[in-house]
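Colleague: Can you keep this structure in mind? I'll have questions shortly.
The values are calculated or read from the model by the stated rules, or taken from the named source; none is laboratory data. On a predicted model such as this, the values are computed, not experimentally measured, just so you know. Counting neighbours? That spans all protein chains shown, and the Cβs are built from the backbone with ideal geometry, glycine included.
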Amino acid sequence: MPLIEAAKHRLELDIPTTRLRVNGDVGRLTQLVANLLNNAARYTPAGGRITLRWESDANGARLSVVDTGQGIPAQHLPRLTERFYRVSTSRSRETGGTGLGLSIVKHVLQLHQARLEITSEIGVGSTFSCVFGPERLLEPQVLAEAT
């Protein structure tokens, strides 16, 4: 399954013109983003929106994947990062996957002294936010404007 199928989902980027940079392992951070986008695409119905947001303040930076998917019942949120944990077995049969994606995300974030925050509302969607402390941020770079 491609990360985001253009015909199925609308991908929005909410990224500042000043490029925020994190001191970390590029390969692992890329895997983290791919896992979050893949999950969003898997659980967001056709025509839904997936937003990739990157923001910072004095407390650090936050990379969020926000979807308009089916949402996750609150009682499951604390266990989502456990290896092989599934909200329901019927969902895993319908959408595939190994049940390791969010466990990998949590592991990568721990290696970067960061954490995962998850919020969700049934019928509205979910937000998965990677929160990096200010000590992990490098000096921002201004992106060149398109001509």
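Colleague: For Gly60, are the conditions met, namely being over 21 Å from Leu11 (Cα atoms), in contact with a strand residue (DSSP E or B) (Cβ under 6 Å, 6 or more places away or on another chain), modelled with pLDDT of 90 or more and not aromatic (Phe, Trp, Tyr)?
Modeller: Working: over 21 Å from Leu11 (Cα atoms): yes; in contact with a strand residue (DSSP E or B) (Cβ under 6 Å, 6 or more places away or on another chain): yes; modelled with pLDDT of 90 or more: yes; not aromatic (Phe, Trp, Tyr): yes.
Spelling it out, Gly60 is indeed over 21 Å from Leu11 (Cα atoms), in contact with a strand residue (DSSP E or B) (Cβ under 6 Å, 6 or more places away or on another chain), modelled with pLDDT of 90 or more and not aromatic (Phe, Trp, Tyr).
Colleague: Look through region 27-57, keep the residues that are modelled with pLDDT of 90 or more and in a strand (DSSP E or B), and return whichever of them is nearest to the chain's Cα centre (by Cα).
Modeller: The qualifying residue nearest to the chain's Cα centre (by Cα) is Leu52.
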